[in-house]
Amino acid sequence: MSLCSLTVHELVTLLQRREVSPLEIATSCLQRIEAVDARVRAFLTVTAEQALEHARAIEGGRGLAGIPAAVKDNLCTRGVRTTCASRILENFVPPYDATVVARLVQAQVVSLGKLNMDEFAMGSSTENSAFFPTRNPWDLERVPGGSSGGSAAAVAADEVIFALGSDTGGSIRQPAAFCGVVGMKPTYGRVSRFGLVAFASSLDQVGCLTKDVTDCAMVLQVISGFDPMDSTSARMEVPDYTAALTGEVKGMKIGVPREYFGEGVDGAVKEVLQRALQQFEALGAVVEETSLPHTEYALPAYYILAPAEASSNLARFDGVRYGLRDETADNLLDMYGSTRARGFGPEVKRRIMLGTYALSSGYYDAYYLKAMRVRRLVKEDFDRAFARYDVLVTPTAPTVAFRLNEKVDDVLAMYMSDIATIPVNLAGIPAVSIPCGFVQGLPVGMQVMGRPFGEADLLRAAYAFEQHTGIRALKPGLEVA
């Protein structure tokens, strides 16, 4: 078995025994990228020379030291271009690292580069990248999900050992489900957003995509914690997440919201989830049906709030300070308009226009203010549920990965891909997606949601399930000539 196919904790053990070196691991991953990425297209930038140079200088064996990884291309990386998969930032090179990137550097993680995404994190399939779509390693004719599709595909294809992504409405969890990996969206405020190029600031959260739950706990441990550079960062102690991986869920109370198993959720996906819930019961957990009655209003509320914040956040990309500039414009106003027209793709333009409209005079109360009230109702639903249950379990996505171009022209169908994940972002709570079965050879994700700052409970439940199934051992059949 090649080194690139192993997990973080397996490689750490080998490094501690001095059976392998960081250079050998990095070389294995780079060889894998060279062998398969022409088909998967997970990477926008590969930093091979820097990675090998760094790996030679690391001893490895402590924490994440010597482990190769890559990050979504909306996280700033000093000296390495950060494009957000957009033409408007195609040649932008940040002068600083995002806090999560700096923490990986401090932990001596070996960076392999930047990963593809939907432009400015707006999408559910990574088909909105300005450069090329990423493909699902389980079926190259299907999407990997989005917007962190490059991150999920790279982990599933064994191009990296783990990856970082961002999650505004499901952008870590939904691609994790489609690609059969673990994806963690932490509590809002648990992980610093400094250096994450903003889409919707009250919803965005940085998280990780890993090969198993143990790796998720290890990576989350490193990237979590207070950051004075982020005004939304929480001053809360970070627990030892690996201590939660006991394999025991006896007596744990699991709520199953009926609204997440209704119309629009594929019947085969429901069957896989029902079997997973039976597995929890067999392990001694108490599984009960419950209700989150305002769930149906979460999607429309999100598509008012997120575009409204995007309209404000993306106003900075005007051709003046950085990024693309139309040098042929005759005056300042024309330069603004033509730069943005050339630099932004169709989905980004659509959301900017939606958000600007929702915030405009005469419509603010009718749309934005009403959506904020719905957001509060969604949060109160979760508060009531967590007064009774330790975690809630739902499908991560209503279907398995769909085919490339299948939903490109049907905006509503594309938006519905995130129907099970969006409420989590509105409420600011943590959630993790883990593989729980297959439908027609494609992975199905199970979403486990928890109380604010209850990541340890999520990891405990997810780990116990993972340890009693053989799903983790299955890999996509990406043959290499």
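Key figures for this structure:
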{"item": "Residue list for segment 387-425, restricted to those being among the small types (Gly, Ala, Ser) and in contact (Cβ under 8 Å) with a residue 12 or more places away in the chain", "result": "397, 401, 417, 420"}
{"item": "Residue 53 vs. criteria of a type in the set (Asp, Glu) and part of a helix (DSSP H, G or I)", "result": "yes"}
{"item": "Failed condition for residue 354, given (1) assigned to a loop (DSSP other than H, G, I, E, B); (2) closer than 22 Å to residue 410 by Cα", "result": "(1)"}
{"item": "Residue ranges of helices (runs of 4 or more DSSP H) in segment 357-433 with at least 3 members at pLDDT 95 or above and either crowded, with 22+ Cβ neighbours inside 10 Å or under 24 Å from the mean Cα position of the chain (by Cα) (or both)", "result": "370-386, 422-427"}
{"item": "Verdict on residue 39 being out of contact with any helix residue (DSSP H, G or I) (no Cβ under 6 Å at 6 or more places or on another chain), in a loop (DSSP other than H, G, I, E, B), charged (D, E, K, R) and over 30 Å from residue 340 (Cβ atoms)", "result": "no"}
{"item": "Total residues in segment 229-271, condition in a loop (DSSP other than H, G, I, E, B) and either in contact (Cβ under 8 Å) with a residue 24 or more places away in the chain or in contact with a strand residue (DSSP E or B) (Cβ under 8 Å, 6 or more places away or on another chain) (or both)", "result": "19"}
{"item": "Residue count, segment 130-162 (criterion: in a strand (DSSP E or B) and surrounded by 24 or more Cβ atoms within 10 Å (Cβ to Cβ))", "result": "2"}
{"item": "Residue 451 being of a type in the set (Lys, Arg), under 21 Å from residue 203 (Cα atoms) and in contact (Cβ under 8 Å) with a residue 24 or more places away in the chain", "result": "yes"}
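Condition check ((1) out of contact with any Pro (no Cβ under 9 Å at 6 or more places or on another chain); (2) farther than 23 Å from residue 344 by Cβ; (3) buried (at least 23 other Cβ atoms within 10 Å of the Cβ); (4) touching a residue at least 40 places away in the same chain (Cβ under 8 Å)) across all residues:
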| residue | (1), (2), (3), (4) |
| --- | --- |
| 18 | yes, yes, no, yes |
| 27 | yes, yes, no, no |
| 68 | no, yes, yes, yes |
| 74 | yes, no, yes, yes |
| 77 | no, no, yes, no |
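The values are calculated or read from the model by the stated rules, or taken from the named source; none is laboratory data. What you see is a predicted model; the values in this text were computed from it and never measured. Note: ideal-geometry Cβ built from the backbone for every residue, glycine included; neighbour counts use all protein chains shown.
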